[in-house]
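Asker: Structure incoming, see below.
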Amino acid sequence: MKRGIKYNLIRLFRIKRGAHQIALGITVGFIPGWFPTFGFGAIFSVILARLVGGSIVASLISGTSVTFVWPFLYYFNYKIGNLVLNKNRQDATVESVNDVDSFSGFTSWRDIGLDFMIGAVINTIFFGLLMYTISYWLFKKYRGRILQNLRRKER
C-alpha cells in the first residue's frame, strides 16, 4: 500500500501541466466524495475535470483517494448542515429510524437529508477552495523539490 501511495504521488507531481490545471484537477476530483455517487465518483471526477479544464490524472488520483474516507465526509456533511440550519435535533437513533409507522419518521428522514445536502454544499465550497489554494501553492512553489525527495527515497 505504501508503494502504491508513493507511485501515485510521483505520478501526480510528474504531470506536465501547470499548477492551476493540476490544482483544479485535484479539487474537482475531490468534489464527488462529498456526495453519494454510488460508485461513480471517479467517473464524475473525470467529467468535472474535462468541463473545467483541469488535469484528468490529478482528478482521478484525488477522486480515488477520497473513497476511503467517505463515511467521515458524510457524517461531517450532516453535522455541518445541522449546525447551519440551527436545529437542536438529536442524531437519528435505531428506534427513531425503525419508527416508520408514523409520519414523523418520514419527516425526520427529510430533515436528515436536508441537513446532509446543505452540509455537502457548504463543505464542497469551503474545502474545495481550501484544497485548490493549498495544492496550487504546493505545485507552484515546491513541485520540483517534492518530486526530487520522492525519487530519492525510491532508491
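A short reminder: the numbers here are calculations on the coordinates, not readings from a lab. Given the structure is predicted, the values throughout are model-derived calculations rather than measurements. Please note: Cβ atoms are built from the backbone with ideal geometry, for glycine as well, and neighbour counts cover all protein chains shown.
Asker: Would you give the gap between the C-alpha center of the stretch 52-88 and the C-alpha center of the stretch 116-135, rounded to a whole Å?
Answerer: Between the Cα centre of the stretch 52-88 and that of the stretch 116-135, the gap is 7 Å.
Asker: Extending each Cα 7 Å along its Cβ direction at residue 11 and residue 150, get the distance between those two points in nm, one decimal.
Answerer: About 1.0 nm, to one decimal.
Asker: For residue 117 and residue 43, calculate 0.36 nm times their separation in residues minus their Cα-Cα distance, and state this gained length in nm to one decimal. Could the numbers behind the result be given before it?
Answerer: Working: separation 74, 0.36 × 74 = 26.64 nm, distance 2.07 nm.
Computed gain between residue 117 and residue 43 is 24.6 nm.
Asker: Given 0.36 nm per residue, what is the gain on full extension from residue 19 to residue 3 after removing their alpha carbon distance, in nm?
Answerer: Details: separation 16, 0.36 × 16 = 5.76 nm, distance 2.47 nm.
Full-extension gain reported as 3.3 nm.
Asker: What's the exposure ranking of 117, 131, going from fewest to most Cβ atoms within 10 Å? Display every interim value, and only then the final one.
Answerer: On the way: 117 15, 131 18.
Fewest-to-most Cβ neighbours within 10 Å comes out as 117, 131.
Asker: Give, in nm to one decimal, the length gained when the segment between residue 83 and residue 68 is fully stretched (0.36 nm per residue of separation minus the Cα-Cα distance).
Answerer: Details: separation 15, 0.36 × 15 = 5.40 nm, distance 2.49 nm.
Result: 2.9 nm gained on full extension.
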